[in-house]
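The values are calculated or read from the model by the stated rules, or taken from the named source; none is laboratory data. Just so you know, these numbers come straight off a predicted model, no measurement behind them. Heads up, the Cβs are rebuilt from the backbone with ideal geometry, glycines too, and the neighbour counts pull from every protein chain shown.
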Amino acid sequence: MAEEIAPDLIDVTVPQSARIWNHWMGGKDNYKVDREAGDAYAAMFPGIRDLAKASRQFLIRTVRHLAREEGIRQFLDIGTGLPTMQNTHEVAQSVAPDAKIVYVDNDLMVLAHARALLVNTTDEGVTTYINADLHEPERIVADARNVLNFTEPIAVMFMGVLGHVTELDDVKSIVARVMQAVPSGSTLTLWDSTATSHTGEGFTDAQEGYDDTGAVPYVLRSPAEVSQCFEGLEMLEPGLVPLSLWRPDQVDIGDVKPVDGYGAVARKP
């Protein structure tokens, strides 16, 4: 559960990815250092703003699909970041009022805003928060067991956070250890920024510049590397694709352009 975090414990001298992402999405939970880093990044790679927006639309569509079409009633959102518009619990509980959502993060500012996430949208549902690092999957699972029923399907989510894990083998291990703990019928929803150039050049250079600011580095992987996180699982159609192309809403078909982030939803057999 989230605790009150003293403001003086939050380092506002170094940019932080969750706060920069919040800035790109038009949020206000960020500081001058984040806005400066985010604007410098976007000047080198304007497509990052398209990716930020597409990532939230991907979350909305995938959570809505899992709750409505797959009947999932439990969601474990690991590395959730700062609350913005249409968070996981809001989407899930709008479809299934009894949905249970467990958010996981260890960023101090995210935890300071956790009370905003802990407001249920329904009386029947459950929305709660775990203070844990994504490098600690066993701890995450142990804490989540206090809220979620691990004999029923769980939707595990890693939304744009695994680039913070340097080694691909470690990424695959983290994902596999969480998925090993959940039962058959559970799902994995995962996306990450990719070293592609759908929206122009400059992504890699912009990321290197960001890493040099002292912020936690982020590794841009290839779509083929991202796909390795889904080994042993059954991907739902259309498979691993640019976020904007994963089952776009009917009104958007024809106007959708690929972005430099790939994601998929897969089911555990």
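If the condition is being surrounded by 22 or more Cβ atoms within 10 Å (Cβ to Cβ) and either β-branched (V, I, T) or touching a strand residue (DSSP E or B) at 6+ places or on another chain (Cβ under 8 Å) (or both), then the stretch 19-49 contributes I20, I48. Of all residues in the stretch 119-131, those that are in a loop (DSSP other than H, G, I, E, B) and within 17 Å of Q74 (Cβ to Cβ) total 5. Within the stretch 12-21, the residues that satisfy the criterion of being touching a residue at least 60 places away in the same chain (Cβ under 8 Å) and over 16 Å from S193 (Cα atoms) are V14, P15, Q16, R19. Please go through the stretch 220-269 and pick out each residue that is at pLDDT below 95 and more than 16 Å from S55 (Cα to Cα). Within the stretch 220-269, Q250, V251, I253, G254, D255 qualify.
Which pairs turn up if I take residues in the stretch 114-137 that are more than 24 Å from V175 (Cβ to Cβ) and look for partners that are acidic (D, E) and assigned to a loop (DSSP other than H, G, I, E, B) with beta carbon separation below 7 Å, at least 6 apart in sequence or on another chain? Between residues of the stretch 114-137 that are more than 24 Å from V175 (Cβ to Cβ) and residues that are acidic (D, E) and assigned to a loop (DSSP other than H, G, I, E, B), the close pairs are E124/D98; G125/D98. Does the stretch 54-63 contain at least one residue that is free of Cβ contacts under 8 Å to residues at least 40 places away in the same chain and closer than 23 Å to D205 by Cα? So far as the stretch 54-63 goes, no, none of its residues is free of Cβ contacts under 8 Å to residues at least 40 places away in the same chain and closer than 23 Å to D205 by Cα.
Remark: A52 falls outside the filter, which requires a residue to be more than 19 Å from G239 (Cβ to Cβ) and surrounded by fewer than 21 Cβ atoms within 10 Å (Cβ to Cβ). Flag not set for A116, criterion: surrounded by 17 or more Cβ atoms within 10 Å (Cβ to Cβ), assigned to a helix (DSSP H, G or I) and modelled with pLDDT under 95.
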